[in-house]
Amino acid sequence: MSSHLLPFTATPPPQIPSTQHTLSQRTHIPSHIYKHPAAILLELCTSSKELHQILPQIIKNGLYNETLFQTKLISLFCKYGNLTEASRVFEPIEDKFDALYHTMLKGYAKSSSLDSALSFFSRMKHDSVRPVVYNFTYLLKLCGDNSDLKRGKEIHGSVITSGFSWNLFAMTGVVNMYAKCRQINDAYNMFDRMPERDLVCWNTIISGYAQNGFAKAALMLVLRMSEEGHRPDSITIVSILPAVADTRLLRIGMAVHGYVLRAGFESLVNVSTALVDMYSKCGSVSIARVIFDGMDHRTVVSWNSMIDGYVQSGDAEGAMLIFQKMLDEGVQPSNVTVMGALHACADLGDLERGKFVHKLVDQLKLDSDVSVMNSLISMYSKCKRVDIAADIFKNLRNKTLVSWNAMILGYAQNGCVNEALNAFCEMQSRNIKPDSFTMVSVIPALAELSIPRQAKWIHGLVIRRFLDKNVFVMTALVDMYAKCGAIHTARKLFDMMNERHVITWNAMIDGYGTHGLGKTSVELFEEMKKGTIKPNDITFLCALSACSHSGLVEEGLCFFESMKKDYGIEPTMDHYGAMVDLLGRAGRLNQAWDFIQKMPIKPGITVYGAMLGACKIHKNADLGEKAAFEIFKLNPDDGGYHVLLANIYATASMWDKVAKVRTIMEKSGLQKTPGCSLVEIGNGVHSFYSGTTSHPQSKKIYAYLETLVDEIRAAGYVPDTNSIHDVEDDVKVQLLNTHSEKLAIAFGLLNTSTGTPIHIRKNLRVCGDCHNATKYISLVTGREIIVRDMHRFHHFKDGACSCGDYW
């Protein structure tokens, strides 16, 4: 867009001859009526309250039936939205002149429903009242505001039959109606046929294109408008700046800003607010803040734009500081302000400030605003208080699709998978149709269950809802199938997608990595780098993790170096943790420890946890002890890391230190997370904990497992009891045989037919003994057993595992 716009040339609107009977034509009004104090008071009236204070004087002085007062009363009652009282004045008048009808219609159009306004318009026709052009502009605006295309077209027809098809004001109303009804092509056709167009007409079509998402077309129209001699005014600027923001065309936005300064519009609050919004959405929040701070006057919309700018740029703390400044200056927040603040609290995970905003919602009586309540549900969910979110949702009247989506996502984000699925099913039972956002919320919940049957069910629903072309829904399906063990199905969907987002590539790269297909993951990553979609920080994390699971150390080192050097991506704590895991799993423990010491940021639990896990694998008690002590400084209350250190000590026969760790755990009340394995049989999901006897088939399971262990022992299996201590050897073996995954596998084998794969979901890392035993079980039974633990997949078949014993 050119910054050199043509100078303004004012063209006065054409005079439209009035067709109505004027008040002076219809009746002679004595001069004492004009000069009556009540008449003067009506002229000075500024509110409905003042009008009701004047009304008794009019009645008391017998002026209620005077034409002047009737006309003025109807006009004022309509102006203040009191249509019932306007009708009480209007209806008794025997000889109604046209101007009264026009005033009443204007009142209906501004303060009543579309049905009521059209009904009164029909009455006007019945009463032979000749319409004027403004009757149509009011009705067209009402049709546009209600997105009622059918009746908008009917009014357009009346415009034509009434002889106003070439009237500038009427046709501008027609253009506006079609634009608001999202028929932008029809709007443009009407605009293009107009023999003359004023600035209002140009602004209407420009705004129409911008609001319908055709930002570049809106900008092109501004150029054309300038070429035809119309200089953009403040309304034009306010219309096109959102279009610039939507397209992130910062250079054009800066050119518009330059024009604003030359035209002297910078003092207009709506223009400055639009500039704040534009710069924020174009990623220049600092410039937006300079404009915001320079504003002499700010409306609540100005504050909202600045708060939203900080939120969208990822600076939630900045958003909350502006929100607090707004409150300190005594500006009353709107529903939009509150939603922005809640979004910021959610991003920060700041429960206390979130509760403060919740109290503000109650004080402002915004608890009936469903959009605000939806924001509260999201905030509490992200602040890990899904229980409060659920209470709000339960008590929410008039739940919208967005409400259901927020609650389902909240459950899914907090690991409440069953609750998420129950909410989804209840939503469907109420005949509320899911959209793409619903699917993107519920599919990850199903992915966590890792149940192939339900994966196929939700995939079918996506197809039936015609959502299988949505890139985000399809990405969720790719991720779900990968997490359900169906990596080949995931790749088929990936290859079928016409459009791929960076998260689509991330899902597939990560999927291959978690299945131990590191080389394929690296090949896909290299393919991605050759295309137009650039990898982001998550892509590199997925690639590093894939290298770690498959022992591709050199490739991982290259990727880590390339992050910052070639893509300008600064490594986060997760990236450093992945690198330590990569080096540690490969046995390069000293190199991993040196890497930690040289980190430019202070190492966190992710980093030291990866080091501790590697020391457990490679039986290095010295470095394991160092890593564990650093973890205990950061989080002394995690029992899992204490158990891991105790096992490292036990492997090294350092029994005094084992006892010391156990004593600390007992005094602190720390416990290890119990192992749990899930297996799906038929339509049910069965849970097993180590040593559990609560399952209805427990006796049968244990009897079968005893026979199965004998068979795998005969095939060469030797129990690994290194992780169990302080009990006799035979007891150690018994304890190993009651691990949750062994129980789940035995149950699966008992309740499925020969040749059926067994899918197991484990909440912890698979232990060495269970991994070895499952290989032998797959050999002696001829079954494929797929186990998904907390880190990756293990595909057991014919006595071997897909991980190659590298996990």
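Numbers below:
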{"item": "Charged-residue dipole, Cβ positions (Lys, Arg, Asp, Glu), the stretch 210-349 about Cα centre, Debye nearest 20", "result": "420"}
{"item": "5 angstrom amide H check on residue 681, placed H, neighbours 5+ away", "result": "686"}
{"item": "Of 564/616; 365/394; 125/153; 281/529, those spanning more than 21 Å from alpha-carbon to alpha-carbon", "result": "564/616; 281/529"}
{"item": "Gain upon complete extension [residue 335, residue 797; 0.36 nm per residue less C-alpha separation]", "result": "160.5 nm"}
{"item": "The stretch 324-373, Rg to Rh (Cα coordinates; Rh as Kirkwood inverse mean 1/r)", "result": "0.94"}
{"item": "Diffusion coefficient, µm² s⁻¹, Stokes-Einstein with Kirkwood Rh over alpha-carbon pairs of the chain at 25 °C and 0.890 mPa s", "result": "75"}
{"item": "R0 of 25 Å, Cβ-Cβ distance residue 325-residue 248: FRET efficiency to nearest 0.05", "result": "0.35"}
{"item": "Rounded to whole Hz, the Karplus (6.51, -1.76, 1.60) HN-Hα couplings of the stretch 267-277, x for glycine and proline", "result": "7, 7, 5, 5, 5, 4, 5, 5, 5, 4, 5"}
{"item": "FRET efficiency for residue 432 and residue 655, using Cβ-Cβ distance with R0 set to 56 Å, rounded to 0.05", "result": "0.40"}
{"item": "Estimated FRET transfer efficiency when R0 is 30 angstrom, pair residue 422-residue 721 (beta carbons, to 0.05)", "result": "0.10"}
{"item": "Residues in the stretch 251-266 that a label on residue 293 would reach, taking backbone N under 19 Å of a point 7 Å out along Cα→Cβ", "result": "none"}
{"item": "Distance (nanometres) between label positions extended 7 Å along Cα→Cβ at residue 317 and residue 565", "result": "3.3"}
{"item": "Spherically averaged projected area in nm², based on the convex hull that wraps the Cα atoms of the stretch 107-207", "result": "6.0"}
{"item": "The stretch 121-196 - charge dipole about Cα centre, Lys and Arg +1 at Cβ, Asp and Glu -1, debye rounded to 20", "result": "200"}
{"item": "Backbone HN-Hα couplings from phi across the stretch 239-247 [Karplus 6.51/-1.76/1.60, Hz, Gly and Pro as x]", "result": "6, 8, 4, x, 5, 4, 4, 5, 8"}
{"item": "Considering only the chain, percent of DSSP beta bridges that pair antiparallel, nearest 5", "result": "80"}
{"item": "Taking all pairs of distinct alpha-carbon atoms in the stretch 676-777, Kirkwood radius in angstrom", "result": "14.0"}
{"item": "The stretch 343-354 - phi-based ³J(HN,Hα) in whole Hz, Karplus 6.51/-1.76/1.60, Gly and Pro as x", "result": "4, 5, 4, 5, 5, 7, x, 8, 5, 5, 5, x"}
{"item": "Cα-projected label distance for residue 394 with residue 693, points at 7 Å along beta-carbon direction, nm", "result": "3.7"}
{"item": "Percent of alpha-carbon pairs separated by more than 20 Å within the stretch 306-408", "result": "32"}
{"item": "Sequence-separation-based contact order of the stretch 268-347, relative, with Cα cut under 8 Å and 6+ spacing, percent", "result": "27"}
{"item": "Tensor-based shape of the stretch 542-619 (alpha-carbon gyration tensor, a/c under 1.5 rounded, otherwise prolate or oblate)", "result": "oblate"}
{"item": "Amide H within-cut-off set for residue 760, under 5 Å, with H built and near neighbours excluded", "result": "786, 787, 788"}
{"item": "Tail beyond 15 Å, pair distance distribution of the stretch 740-799 (Cα, percent)", "result": "40"}
{"item": "Net length gained if the chain between residue 193 and residue 664 were fully extended (0.36 nm per residue, minus Cα distance)", "result": "161.1 nm"}
{"item": "Net length gained if the chain between residue 261 and residue 599 were fully extended (0.36 nm per residue, minus Cα distance)", "result": "116.9 nm"}
{"item": "Value of [θ]222 nm, deg cm²/dmol, for the chain, DSSP H segments ≥ 4, -39500 (n - 2.57) each, nearest 500", "result": "-20500 deg cm²/dmol"}
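Only the coordinates and a few stated rules stand behind these numbers; no lab work does. Keep in mind that this is a model prediction, so the values were computed, not measured. Backbone-built Cβ (ideal geometry, glycine too); neighbour counts: all protein chains shown.
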